[in-house]
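Below is one structure, written out as structure tokens; the observations come after it.
Each reported figure results from applying straightforward, stated rules to the coordinates on display, with no laboratory input. Just so you know, these numbers come straight off a predicted model, no measurement behind them. Cβ placement follows ideal geometry from the backbone for every residue including glycine, while neighbour counts extend to all protein chains displayed.
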Amino acid sequence: MRIDLLAALAGVFIAIQSRANGELSSRIGNSLEAALISFGSGLVIILLIALFHPGIKRGVAKVATAVREGAIPKWRLMGGALGGIVIAVQTQVVPLMGVAIYSVAVISGQTATSLIVDRIGLTGGGKKMISRHRIVAASLTVLAVLVSVWDRIDAKHLSFLAIALGILSGGVVGIQRALNGQVNEFSGQSFSTSLFNFITGTMLLLILFAGSVVTRQSHLSALPPGPWWMYLGGVTGLIYIAFSATVVQHVGVLTFTLFSIGGQLVGSLLIDLFLPSEGVHVGVYLVTGILMTYLGVLANNDRALGGSRSRRVAND
């Protein structure tokens, strides 16, 4: 499968995961517990797969050897914990600003950070210059997301602190993708990289949820009844992390981000058409935003611009 299609497909899985986790969170009445269930189920699934998949075990062994020999610092295995931080911030910020504004803030943070981590070569796949067309592509994508959610933005929910936290969350996502790409370079097996993510992410969310229970800010609830697909968050997250860890090695974080955002918007369109949330409808803003997103993708595509203008810089 082409690497750009793989990135777009990863975005579709993000949309599916968001819909599933949102439904679970709504029914269970606790966003943090829903996130823990999502991460925890993904961890159980990848552990079961690892039992029968020698390649995953070899990938874990390669990373362990790299850590032991000092080829990769231990802290770079903490990409999943960063994902857990994003979930924790999301559960606190979204009620303050709404999903639409949060989405724009997160995408802004992602694209800005993607330019930076690509420039310093944090993915392990080499450095990329911050060129004019890459800045244009990132700006177009942020504008496209803004347009796609324009009819869902509620000015009453505007909060500069919440927006700042949303942008920060997006930046953390960009760093997480870069770290996963670097781990994947050593593991050679994307599902091994996913395993590290789910271990650290689940541990962090478990600590946060236990703390909220102890302080009586929340309580442990039984699994609620509902549609079967609301428990797919872990599965879709597993696939998404595996895809992203592979793709960013080859194309960098920015290009992956642009393609995955396009896939996420297309996935959102399909979900709104066939499995809509209450009160949500497909409008011209979403369709326009999707088209604008792929203009951003084209602006970042060297071949579409008539040659390679994104120069990779050799590592120092």
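Our estimate of slack between R119 and M203, defined as 0.36 nm per intervening residue step minus the Cα-Cα distance, is 27.1 nm. Peptide packing: for 219-229, 193-203, the average count of neighbouring Cβ atoms within 10 Å per residue gives the ranking 193-203, 219-229, highest mean first. If R0 is taken as 35 Å, the Cβ-Cβ distance between L295 and L273 corresponds to a FRET efficiency of 0.95.
Using a simple spin-label model with pseudo-atoms 7 Å out from Cα toward Cβ, R27 and L223 lie 1.1 nm apart. Peptide packing for 178-188, 137-147 was compared via the average number of neighbouring C-beta atoms within 10 Å per residue; ordered from the highest value, the list is 178-188, 137-147. Hey, what's the Kirkwood Rh for the range 35-89 if you take every pair of different alpha carbons, in angstrom? Hydrodynamic radius (Kirkwood, Cα only) of the range 35-89 equals 12.9 Å.
Each listed q (0.08, 0.14 Å⁻¹) maps to a log10 I(q)/I(0) for the range 3-303, found by the Debye formula over equal Cα scatterers with no solvent: -0.33, -1.05. Peptides 255-265, 9-19, 206-216 ranked from most to least packed, by the mean per-residue count of other Cβ atoms within 10 Å: 255-265, 9-19, 206-216. In order along the range 238-249, the phi-based Karplus estimate (6.51 cos²θ - 1.76 cosθ + 1.60, θ = phi - 60°) of 3J(HN,Hα) comes to 4, 5, 4, 5, 4, 4, 5, 4, 6, 5, 5, 4 Hz; Gly and Pro are listed as x. Note on L51 and V284: the model spin-label points, each 7 Å out from Cα along the C-beta direction, lie 5.6 nm apart.
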